[in-house]
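Student: Attaching a single structure in structure tokens format; questions to follow.
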Amino acid sequence: MNDNNPLYIKWQVPEYRIPDRPKIWYHAALVLVVVLLFTCFFTLENWRPVFLGYQSNFLFAFIIILSTIIMIINENKPPQIVDIKIGPEGIEVGNKFYDYDRFRNFSVIYKPKQSIKNLYLEFKNPVTPRLSIPLRSLDPLKIRNFLLKYLDEDLERTEPPLSEQLTSKLKL
């Protein structure tokens, strides 16, 4: 790849970030699951079970149990490595190709003191969630300059999205 006129920028990232969770996080999560399941099947007045009554919430209990099972399965599965390729035609993330026409804008957030170096791509379709790609060891300015040829930059985004900040704080 020629640095003066690169046709493509390629790198690899893990499929998802593995949070560093202390043991107390797992204890708190277990307590939360038990409390939520308890509230699904018992009323707070006189601690009566309402299993067959209309007040019990089986769907919520099913969602809690299913979410817990998914988290346990994902906890023991290492993330796969995904290839990222940015070129003149669009952006390839793993096996998915996104043409630049699908994106509204992009932003690069680089905060070395907070260990944040990410590329965010907003889709034109409001239902499609934003694409967040860690830049790892790449130069954020190089990515920004490359994408400016094809997309508008969102200069108002100076912080990671709130959803990403909460995910990081809660270690999800």
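Student: So residue 163 clears everything in (1) surrounded by 14 or more Cβ atoms within 10 Å (Cβ to Cβ); (2) without any contact (Cβ under 8 Å) to a residue 60 or more places away in the chain; (3) within 30 Å of residue 26 (Cα to Cα) except one condition, right? Which one?
Tutor: Result: residue 163 passes all but (1).
Student: Also, quick follow-up: Out of (1) surrounded by fewer than 17 Cβ atoms within 10 Å (Cβ to Cβ); (2) assigned to a loop (DSSP other than H, G, I, E, B); (3) touching a residue at least 40 places away in the same chain (Cβ under 8 Å), the odd one out for residue 128 is which?
Tutor: Residue 128 satisfies all of (1) surrounded by fewer than 17 Cβ atoms within 10 Å (Cβ to Cβ); (2) assigned to a loop (DSSP other than H, G, I, E, B); (3) touching a residue at least 40 places away in the same chain (Cβ under 8 Å) except (3).
Student: Take the residues in the stretch 25-44 that are under 23 Å from the mean Cα position of the chain (by Cα) and exposed (fewer than 14 other Cβ atoms within 10 Å of the Cβ), then tell me which one is modelled with the lowest pLDDT.
Tutor: Out of the qualifying residues, it is 26.
Student: From 143, 63, which residue is closer than 30 Å to residue 38 by Cβ and in a helix (DSSP H, G or I)?
Tutor: 63
Student: Collect the residues in the stretch 57-84 that are in contact (Cβ under 8 Å) with a residue 24 or more places away in the chain and surrounded by 15 or more Cβ atoms within 10 Å (Cβ to Cβ), keeping them in residue-number order.
Tutor: The answer is 61, 64, 68, 82, 84.
Student: Considering every residue within the stretch 107-117, establish whether at least one is in contact (Cβ under 8 Å) with a residue 40 or more places away in the chain, out of contact with any helix residue (DSSP H, G or I) (no Cβ under 6 Å at 6 or more places or on another chain), at negative phi and assigned to a loop (DSSP other than H, G, I, E, B).
Tutor: No, that holds for no residue.
The values are calculated or read from the model by the stated rules, or taken from the named source; none is laboratory data. Just so we're clear, the structure is a prediction, and the values are computed from it rather than from any experiment. Methodologically, a virtual Cβ is constructed for each residue, glycine included, from the backbone with ideal geometry; neighbour enumeration extends over all protein chains shown.
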